[in-house]
Amino acid sequence: MKFKLLVISALVSGLAGVVQAAPLTISAPWIRAMPPNSRVIPIFFNLHNPSPEDRVLTAIHSDLGEVEIHETVTVGDMKKMQPINALTIAAGKMAALKPGGYHGMMSHFTLGVPAEGEFVLLTLRYANGESQEVNVEVVRREKASMLMTNSN
Amino acid sequence: MIVKSIVALIAGLLLSINLMAGMPILKGIGGDFSLNSSLGKQVNLTDFRGQVVLMFFGYTNCADICPTTMAHMSQLMDRLEPEYRSRVQVLFVSIDGDNDTPSHLNKYLAYFDPSFIGLVDTRDKIDAVAAQYHAEYAKLAQTKVTTIYKKLTLAGESTEQEGYLFSHTAKIYVMGAQGRVRGYFYMGTPHAEMQSQIKQLLKE
Amino acid sequence: MYVLLRLGRQLGWLLVMPLLMLLIIGLTPKVQASDLPQYDLHSVIYQWYGALDAKGPAQSSSHHLLNIGQPRKAGSGEQAQVEVDVQLESQDKRIGENPYPGSYEEHVLRISSDLKQVLASQTTFYSIDDFDSKYRPSRAINLIKSLVYAWTHGLDSYDSETLEQLLLPSSKFIAAEAEVQQAAEYAPYLLSLNYLKNHRSLSKLVIEAANEGLDNYHVTFEYQWWAVNQQGNTELAQIAVEIQVQIIAGEALIRFYKEVYLAPITDAGAEVRC
């Protein structure tokens, strides 16, 4: 009897895989409203990692386009935006995707450039196999600047 | 708590001293130019004598720096009183002539503010203006941009969506009413500072 | 300042704050003219030490200047001379062997009223280093610094004569301003700008031995050129300077001179503000 229970619980925990880590907290998500003839749009949000392990964001997925994770870097007097493969959110810390720093870049839109007021569903994928979703609003002007200030 | 408020007060004081100092005339930088524009005609810097000109270099295939700068500028314009707003002209110089045509620029900029003018021309002419303004920029390898190409059909646009990434100066050049460069704004320059300096320049 | 800090603890920061603010207003000048070295004075001092370095067997002593103090009047009357305190690190090859013990010294220099000659030097402090260090020659550095300071003073004071004396007859000259085609035109051109005030701040001085033979050097530096024009407006320029120097008979002279305008720096670090 005990042996059967042991086998069953071992199987169940084996199927469940790794114990689920606490999901990251996503705050102040926003997409900057861009002209309808844009080829790229920026995605911003804060990621807070409450768990005791580092988390690594490896991809952002959306049905509305292709998303890359980029970083704005300063090289001398110039700035440039370059793609990065992974973004580590250290245990207990926060990573901010915000103007002038890390950001998501969406391109190759399937249904045109998302317009002001629309929502874009994003799936964030992590190195440990986990993922989470966030619905991000497209905003402009005062609303955007308010969110920008909040994320600083 | 007290230390923080002291620091804030001192910072505010120094800022106001800075504002009182005004913007110096910068030498060895700037000058007139004539470039093709989003208006569909040649535009010269001298066209804007009597106005403050805010000019920056960028490209529309840019997700972060340029739209952030553009939004900062359009917010600046929104907040300026009408009598000042009419005397400020924002110019966007495209360093990506391959992808930024005058009509593409026109549609793009109008979304931020219909008064913004885009300038785009041959590589040589843009290089010449960039050199005048000591505005560095460099095209980064195309292969680094996207690894996947998709052929999509979008009304009125080309079927291939590929693009370059550039590194470029993030300075916003501020020209006074006589067309001389007086300083620079940046993405993070506070609105109070920009407004105050623009109003001072318009008094000259 | 210290008294204010102590007062602050006793009276409470809120009371002392206005005083602190006034102090900061007083201490925050728009232009730090008084912070700039007196170029002609510094030039004559560096020349003095360069000449000392040149004496005796080749490069047997070195004088590395650490600090030049503010000048003060010595004596009275119209022909009053000038006194300056100098701090330096000296090495003398005649003492001991490699590695050489150096010495920290303080000198008081007596300089002529026209700032063209060092008349006398008195050592007021001398202390042998308790460490050994590799011998570093300083003759070329001192003579070249003397040249650069004299040149800068010549530009600031529109002194054609001084500028001409610092150039070799065969020298090549390229000014940042396209209007100036020859060295002789430079000072008159600057004068024609009718500035009410002007001065250059020197920075990023780099001295390297050039490949072209003995006693040739490649020197680069930057000027931040500040001026006030007739209308009372401030004008700013940033200039990168490149010169080839040749040292002949104990004097550093310009063989090649080139200036290029850079983007003026108005507020270092402004871009970083978010």
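A short reminder: the numbers here are calculations on the coordinates, not readings from a lab. All of these numbers come straight from a predicted model, not from anything done at the bench. So basically every Cβ, Gly included, is an ideal-geometry build from the backbone, and we count neighbours across all protein chains shown.
Counting other C-beta atoms within 10 Å, which of B:LYS107, C:LYS197 has the fewest, and how do the rest follow?
C:LYS197, B:LYS107
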Where Rh is the Kirkwood radius over Cα pairs, Rg/Rh for region A:22-150: 0.95
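Quick check for me: using +1 on Lys/Arg Cβ and -1 on Asp/Glu Cβ, what's the dipole size of region C:100-214 about its Cα centre, in debye to the nearest 20?
Charge dipole of region C:100-214: 80 debye, to the nearest 20.
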Least to most buried among A:SER27, C:SER61 (fewest other Cβ within 10 Å first): A:SER27, C:SER61
Trypsin sites (Lys or Arg not before Pro) within region C:98-193: DSSP coil, no more than 15 neighbouring Cβ in 10 Å: C:LYS116, C:LYS134
Cut-off under 5 Å, modelled amide H: who pairs with C:ALA210 long-range: C:ASN216, C:TYR217, C:HIS218
Distant-in-sequence amide H partners of A:ASN128 (H built 1.01 Å from N, under 5 Å): A:VAL56
Ranking of C:PHE125, B:PHE56, B:PHE33, B:PHE166 by count of other Cβ atoms within 10 Å, fewest first: C:PHE125, B:PHE33, B:PHE166, B:PHE56
Among A:THR123, A:ASN37, A:THR74 - extreme Cα towards positive end, dipole of region A:22-150, charges at beta-carbon: A:THR74
J(HN,Hα) series, region B:35-45, from Karplus relation 6.51 cos²θ - 1.76 cosθ + 1.60, nearest Hz, glycine and proline x: 9, 5, 9, 5, 7, x, 8, 5, 10, 10, 4
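What is the local net charge at A:ASN128, summed over the other residues whose Cβ is closer than 14 Å to its Cβ (Lys, Arg +1; Asp, Glu -1)?
-1
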Rounded to whole Hz, the Karplus (6.51, -1.76, 1.60) HN-Hα couplings of region C:234-249, x for glycine and proline: 7, 10, 10, 9, 10, 10, 9, 10, 10, 10, 9, 10, 10, 9, 10, 6
Selected from C:ASN67, C:SER90, C:GLY102, residue furthest toward positive end of dipole (region C:60-133; charges at beta carbon): C:ASN67
GluC sites (Glu not before Pro) lying in DSSP loop within region C:183-274, provided at most 13 other Cβ fall within 10 Å: C:GLU212
